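Beneath this line is the structure, given in structure tokens, with notes to follow.
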Amino acid sequence: PLAAYCYWRMLPLSNRIVELIGYESMSADQCDVRQSVLRRRGQYEEAKRCIQAALAKNPEKAHTRGLLRVGLAEIYRHEGDWRNAESEVRTALAEAVEAEKQDPRQAARIYKHCADITDFVEQGDPLSGSQLRRKAQELAQATGARDQLLKL
């Protein structure tokens with residue numbers, strides 16, 4: 001019941017924040033949360049605008065850039081644009097490598113999401129979805145991220 005309540009409340013609350021302060025005043029991390037909410041609720045065009053606003057802020061954290069790129073890859077996958085989805089996955093994976101140095105727990109999240117997308121767009125990719133999941137699992141175990149392990 002709590003999960004269902006949160007699912008239905010997340011979009012109206014996120015919309016309210018945008019009404020109050022707009023994308024210009026939101027941090028890249030706040031935009032990352034919003035784009036995730038929007039994608040979960042099927043609002044892909046707005047999610048894309050949100051991601052573009054966040055990337056324009058040049059986020060300094062690699063994991064934020066990586067998660068935004070994963071969101072964009074998911075949108076392209078949803079649209080059937082496999083070429084751009086694959087390109088965004090590659091960019092997200094490069095950010096994940098950088099994020100491993102700063103925040104391995106967040107890098108695990110990027111690898112996990114990339115694995116899910118790679119399963120759909122895999123066309124001669126050097127890393128398969130199973131390899132990415134294994135990498136995510138190793139990082140999650142190393143950092144004690146039980147929540148991430150449950151999602152794998």
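In square nanometres, what is the average projected area of the Cα convex hull of the chain? Intermediate results must be reported in sequence, preceding the final value.
Working: hull surface 36.3 nm².
Average of the hull's projected areas for the chain equals 9.1 nm².
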Query raised in the report: By how many degrees, 0 to 90 and rounded to 10, does the Cα axis of helix 82-102 deviate from the longest principal axis of the chain?
Result: 80
Query - Separation in nanometres of the label points that stand 7 Å from Cα toward Cβ, at Asp81 and Gln131 - result: 2.7
Query - Accessible surface of the chain, 1.4 Å probe, proportion on carbon and sulfur as whole % - result: 50
**Report entry** For region 1-74: relative contact order, % (alpha-carbon pairs under 8 angstrom, 6 or more apart)
**Finding:** 30
Report task. Using θ = phi - 60° and the Karplus relation 6.51 cos²θ - 1.76 cosθ + 1.60, list the HN-Hα couplings for region 13-26 in order, rounded to whole Hz, with x at every Gly or Pro. Result -> 5, 5, 4, 5, 4, 5, 4, 6, 10, x, 5, 4, 8, 7
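Which of rounded, prolate or oblate describes region 29-104 when judged by the alpha-carbon gyration tensor and an a/c cut-off of 1.5? Working shown, then result.
Working: a/c = 2.05, a/b = 1.30, b/c = 1.57.
Judged from the Cα gyration tensor, region 29-104 comes out oblate (a/c at least 1.5, b/c at or above a/b).
Averaged per residue, what accessible surface does the chain expose to a 1.4 Å probe, in Å²?
On the way: 8360 Å² over 152 residues.
For the chain, the solvent-accessible area averages 55 Å² per residue.
The values are calculated or read from the model by the stated rules, or taken from the named source; none is laboratory data. Quantities reported herein were computed from a predicted structural model and do not represent experimental measurements. FYI the Cβ positions are ideal-geometry reconstructions off the backbone, even for glycines, and counts take in every protein chain you see. Remember, those area values only see protein heavy atoms, side chains included, never the ligands or the DNA or RNA. Shrake-Rupley method; radii C 1.70, N 1.55, O 1.52, S 1.80 Å.
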